[in-house]
1. As a test of the formula, what do you get for the chain when each DSSP H run with n ≥ 4 contributes -39,500 (n - 2.57) and the sum is divided by the residue count, at 222 nm and rounded to the nearest 500 deg cm²/dmol?
2. Which residues' amide hydrogens lie under 5 Å from the amide hydrogen of V25, considering only partners 5 or more residues apart or on another chain, with H built in the peptide plane?
3. At 1.4 Å probe size, with the rest of the protein present, what percent of the exposed accessible area of the chain is carbon and sulfur atoms?
4. How much solvent-accessible surface does M62 expose, in Å² to the nearest 10, with a 1.4 Å probe and all protein chains in place?
5. Which value, in debye to the nearest 20, gives the size of the charge dipole of the chain about its Cα centre, when Lys and Arg are +1 and Asp and Glu are -1 at the Cβ?
6. Determine ³J(HN,Hα), in whole Hz, for all residues of the range 104-112 in sequence, where each value follows from phi through the Karplus function 6.51 cos²θ - 1.76 cosθ + 1.60 and θ = phi - 60°; x replaces Gly and Pro.
7. Please give me the summed charge of the neighbours of A124: other residues whose Cβ is under 14 Å from its Cβ, Lys and Arg +1, Asp and Glu -1.
8. How much accessible area per residue does the chain have, in Å², with a 1.4 Å probe?
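The values are calculated or read from the model by the stated rules, or taken from the named source; none is laboratory data. Keep in mind it's a predicted model, so treat the numbers as computed, not measured. Every residue, glycine among them, receives a Cβ derived from its backbone with ideal geometry; neighbour counts consider all protein chains shown. These accessible areas exclude ligands, DNA and RNA; they are computed on the full protein's heavy atoms, side chains included. Shrake-Rupley method; radii C 1.70, N 1.55, O 1.52, S 1.80 Å.
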Amino acid sequence: MANALAVPGTAFISHDLRALPLGYVVRQTRTVIGDADQFAIEGVPLEHGCATCTLRYDLLPMLRTLHRTDGVERIVVVLDPAFEPEPVVAEILGTLVETDDLPEGVAGDDVVVRATVTAVDGAAWLNDATGDLTLCEAGLSEVEDERTLAQVAVAQARFADVLVAECSGDPDDRYEQARLCAALRRINPAAIQTVLHPGDPFGPRELLVSLAATRPESRRGRLHTAFDPLLDGCPPLESDCGIAVVTFEADRAFHPERLHDAIDVLLDGVITARGRLWLTSSPDDVLWLESAGGSLGVSRVARWIAARGEDELSSVTPEVRAMASLRWDDEHGDRHSSIVAVTHRAEPAEIEQALRDALLTDDELARGADYLAALPSPFGDIHLDPCDSSSPSKASSSPSEASSSPSTVEGVARDLAADSINSEETTR
């Protein structure tokens with residue numbers, strides 16, 4: 001699909017991760033300038049045995065250099081299927097790099113991420129996005145990688161500005177195609193969605209038209225933050241082909257152990273769920289919940305505005321302040337829980353009831369703050385479900401420390417998620 005942009009003025013970069021077990025990645029570059037079409041392929045040794053570091057040291061300097069190459073008007077970064085685009089954009093925007101000829105700086109000073117295009121296999125995507133296969137089990141990673149195919153599929157679709165679904169032309173598949181489109185529309189309503197059938201043209205003209213039509217509310221390289229609206233892009237709230245949106249809001253805290261039991265309801269019949277949690281055992285911390293298919297994670301990502309000192313409030317953007325003021329409580333400030341789930345088989349009422357039952361009861365609230373703060377919690381800084389026990393996951397003291405030394409391709413996406421979601425300076 002990327003070749004549809006092989007028009008004069010375009011440079012392409014891609015990194016193939018299949019050679020990771022051999023200690024390198026394969027970098028392919030192509031430049032189309034005037035009548036010249038040049039192609040090069042090279043093995044890039046792993047930096048410190050780490051795919052994340054290799055990406056930093058190879059891709060980011062190349063972006064800065066290509067930006068200054070005569071005749072290059074646009075750069076297309078073709079990601080390996082195991083990559084999620086948002087963490088790569090986080091690297092472009094926030095990682096300092098230097099080249100032989102340029103001073104230290106971030107690639108985002110030289111290039112702007114205009115759009116992300118995601119190709120979707122219409123026959124397989126919904127099944128992939130609702131399962132629990134790891135990337136290794138699915139054959140997308142040759143090294144140890146605990147991410148699931150569902151995590152990657154959902155993340156790629158959610159960050160896209162243009163979604164191109166390649167579907168069969170078989171009339172018997174029309175209902176499944178409609179279900180796929182309904183799911184994608186509820187996961188990423190702001191994206192331009194195109195369905196291709198065998199024989200449909202899709203060349204430079206069609207792709208450029210789609211890119212030109214990207215909506216102002218789509219991502220366009222903007223990173224997600226913990227305080228973003230969960231229904232951004234205004235997804236359809238009515239059910240379509242069995243695909244539904246479930247919303248849950250609460251202005252009282254969750255009981256830690258009951259919540260741990262309740263979130264299993266988000267692992268069956270749910271495509272994806274995400275949201276902010278207020279937990280009585282961590283009253284000052286925003287916990288972020290995100291699920292895809294049969295996997296779910298809860299991580300500590302920020303502090304509620306009400307828990308911050310005056311010196312911390314300068315980093316709060318006007319948009320976040322405005323949203324907090326709409327729900328401000330004299331006692332609890334902006335603390336709340338808010339979850340949005342996209343389902344394909346689950347009963348929405350059962351999800352809402354399970355979460356509602358996990359909230360603190362009036363009797364528990366009456367016992368006071370000391371009792372509530374002392375309630376045992378299975379959640380640490382990072383907690384993954386399904387889990388083998390109720391003990392908190394081992395985590396570092398901060399997200400930045402957690403992401404400092406990933407050892408596999410998993411680090412490119414999963415370990416950078418804490419950095420991107422914690423970037424409160426970036427809002428939509």
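1. Computed ellipticity for the chain at 222 nm equals -7500 deg cm²/dmol.
2. V44, L46
3. Carbon and sulfur: 49 percent of the exposed surface of the chain.
4. 40 Å²
5. 860 debye
6. Per-residue couplings from phi come out as 4, x, 8, 4, x, 6, 9, 10, 10 Hz.
7. Within the 14 Å Cβ shell, the charges total -4.
8. Values: 19900 Å² over 428 residues.
Per-residue value: 46 Å².
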